[in-house]
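Before any comments, here is the structure.
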Amino acid sequence: MDTVRFSLLRILADGEVHSEERIARTLNLSRIEVDKLIGELETLGLRVLRRTGSGYRLEDRIDLYDANVLAERMKGMSPELHLEVLEECPSTNTVLAERARAGAAHGTVLVCEHQSAGRGRRGNVWVSAIGSSITFSVLWRFSRGAGTLAGLSLAIAVGAAKALERLGARNVQVKWPNDLFCGERKLGGILIETTGDAAGPSAAIVGIGINMRLGASASKRIGRPATDVVTNCAAAPSRTAVLVELLASIVSTLERFSREGFAPFRQAWLGRHAWQGRRVVLSQADRRVAEGEVVGVAEDGALELASEREIRRFHSGELSLSLELSCELSCEKPLE
Ligand code: BTN
């Protein structure tokens, strides 16, 4: 979305009626241009009601970040953070990776109001909707090698879960290696991309996406069971409040992880582990490589999986619940 479209969105965000004439004057546009921009907002999934003779209003108000509150709350946070809020970008991870290559500072944070081509793990698309998702990335530079960052995504998941709990979210769980769940539905995801030498130094782009308020169209596009912060909090916090709490927690997680690795986060991770003791299948590159019962995670973040003979450790892969159990129940032999 270019800046003028976003300026129009800011005017309409409160859900009140705004006259076309006044919008045109404020944005220095013709009425025809305003009408064209309204059409563009609609193609992005926003529902705009046209009131003949009076103007436009959004069917649902939109919760945009409050720059003043954000700036004020950032003052009390780590001096290492340099925050920038973009109106739109394809992917905060992609943009931050480009900036990192060009020498961006440790602690650079890119937040985006609307991410148009968000990336998930394993080449998946990360779906987000304007004003309804939280998407940001943090650049963190480490003196040690990229190979020692294996447990980082688990530590970040714990940091994000704690932040959401402080905001009142109930029953936030983590799923190996880096998903946030609530009641068997995905609440958020983490995409960590690392660069650097095995011996160090290294750098990580830590990308976080949290579903804030999923509408029907976003849920449909996600196509898998998903949930959002609003559904899981008794009193819905603002996006700004969620972003601030997440940033504070993620930064203190990164600081501690830099010094001590994953070990101090392990108990907190296990305490929130969605699939502890469940029977799962582990796949790597879409190939099923192991099946067993989840014992837990090791001090370096590796998944511990028990089969009949042994406990094996895995540093990468994708988990899904084993279908065997449900098959055992539904494929019982008929009574003779
Ligand atoms: C996953 O569960 O697959 C990880 C999703 C990570 C999404 C976030 S949103 C901010 C950052 N920018 C991206 O393009 N992806 C991450």
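The values are calculated or read from the model by the stated rules, or taken from the named source; none is laboratory data. A quick note: this is a predicted structure, and the numbers were derived from the prediction, not measured. A quick note on method: Cβ atoms are made from the backbone with ideal geometry, for glycine too, and the neighbour counts reach across all protein chains shown. Just the protein is used for accessible areas: all its heavy atoms, side chains included, with ligands, DNA and RNA removed. Shrake-Rupley method; radii C 1.70, N 1.55, O 1.52, S 1.80 Å.
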Could you please give the count of residues in segment 112-132 that are small (Gly, Ala, Ser) and at pLDDT below 95?
6
Scanning segment 124-143 for residues that are under 9 Å from the mean Cα position of the chain (by Cα) and not polar (S, T, N, Q) gives 126, 134, 136
Restricting the search to segment 176-201, which residues are open to solvent by less than 50 Å² (accessible area, probe 1.4 Å) and in contact with a Ser or Thr (Cβ under 6 Å, 6 or more places away or on another chain)?
177, 178, 182, 187, 190, 192, 200
Can you list residue pairs whose Cβ atoms sit under 7 Å apart, with the first residue in segment 275-291 being more than 12 Å from residue 317 (Cβ to Cβ) and in a strand (DSSP E or B) and the second being among the hydroxyl-bearing types (Ser, Thr, Tyr) and open to solvent by less than 30 Å² (accessible area, probe 1.4 Å)? Count only pairs 6 or more apart in sequence or on different chains.
279/322
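Taking the criterion of being over 23 Å from residue 83 (Cβ atoms), open to solvent by 10 Å² or more (accessible area, probe 1.4 Å), part of a loop (DSSP other than H, G, I, E, B) and of a type in the set (Ser, Thr, Tyr), would at least one residue in segment 143-158 satisfy it?
Of the residues in segment 143-158, the ones over 23 Å from residue 83 (Cβ atoms) are 143-148, 150-151, 154.
The next check asks that each one be open to solvent by 10 Å² or more (accessible area, probe 1.4 Å); those that pass are 143-144, 146-148, 150.
Keeping just the survivors that are part of a loop (DSSP other than H, G, I, E, B) gives 143-144, 150.
Subsequent filtering for residues that are of a type in the set (Ser, Thr, Tyr) retains 143.
Looking through segment 143-158, at least one residue is over 23 Å from residue 83 (Cβ atoms), open to solvent by 10 Å² or more (accessible area, probe 1.4 Å), part of a loop (DSSP other than H, G, I, E, B) and of a type in the set (Ser, Thr, Tyr).
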Those residues of segment 202-224 which are within 13 Å of the ligand (Cβ to nearest atom) and either outside any loop (DSSP other than H, G, I, E, B) or hydrophobic (A, V, I, L, M, F, W, C) (or both), in sequence order
204, 205, 206, 207, 208, 209, 210, 211, 212, 222
Restricting to segment 18-67, name every residue that is over 33 Å from the mean Cα position of the chain (by Cα), at positive phi and of a type in the set (Gly, Ala, Ser).
53, 55
Strands (runs of 3 or more DSSP E) enclosed by segment 48-111 - at least 1 residues per element that are away from the ligand (no atom under 16 Å from the Cβ) and either modelled with pLDDT of 95 or more or among the β-branched types (Val, Ile, Thr) (or both)
48-51, 55-58
The one condition in (1) out of contact with any helix residue (DSSP H, G or I) (no Cβ under 9 Å at 6 or more places or on another chain); (2) open to solvent by 40 Å² or more (accessible area, probe 1.4 Å); (3) touching a residue at least 60 places away in the same chain (Cβ under 8 Å) that residue 303 fails to fulfil
(2)
Residue 97 fails exactly one of (1) open to solvent by less than 20 Å² (accessible area, probe 1.4 Å); (2) touching a strand residue (DSSP E or B) at 6+ places or on another chain (Cβ under 6 Å), namely (1)
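Quickly run through segment 225-247 and pick out the residues that are assigned to a helix (DSSP H, G or I) and either out of contact with any Cys (no Cβ under 9 Å at 6 or more places or on another chain) or surrounded by 20 or more Cβ atoms within 10 Å (Cβ to Cβ) (or both).
Taking segment 225-247 as the starting set, the residues that turn out to be assigned to a helix (DSSP H, G or I) are 229-232, 239-247.
Those that are assigned to a helix (DSSP H, G or I) and either out of contact with any Cys (no Cβ under 9 Å at 6 or more places or on another chain) or surrounded by 20 or more Cβ atoms within 10 Å (Cβ to Cβ) (or both): 229, 230, 232, 239, 240, 241, 242, 243, 244, 245, 246, 247.
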Which count do you get for residues in segment 173-200 that are in contact with a strand residue (DSSP E or B) (Cβ under 6 Å, 6 or more places away or on another chain), touching a residue at least 60 places away in the same chain (Cβ under 8 Å) and away from the ligand (no atom under 13 Å from the Cβ)?
2
Residues 222, 205, 250: which one is in contact with a Ser or Thr (Cβ under 7 Å, 6 or more places away or on another chain) and either among the β-branched types (Val, Ile, Thr) or open to solvent by 20 Å² or more (accessible area, probe 1.4 Å) (or both)?
205
Taking segment 114-132 and keeping residues within 11 Å of the ligand (Cβ to nearest atom) and part of a loop (DSSP other than H, G, I, E, B) leaves 116, 117, 120, 124, 127, 128
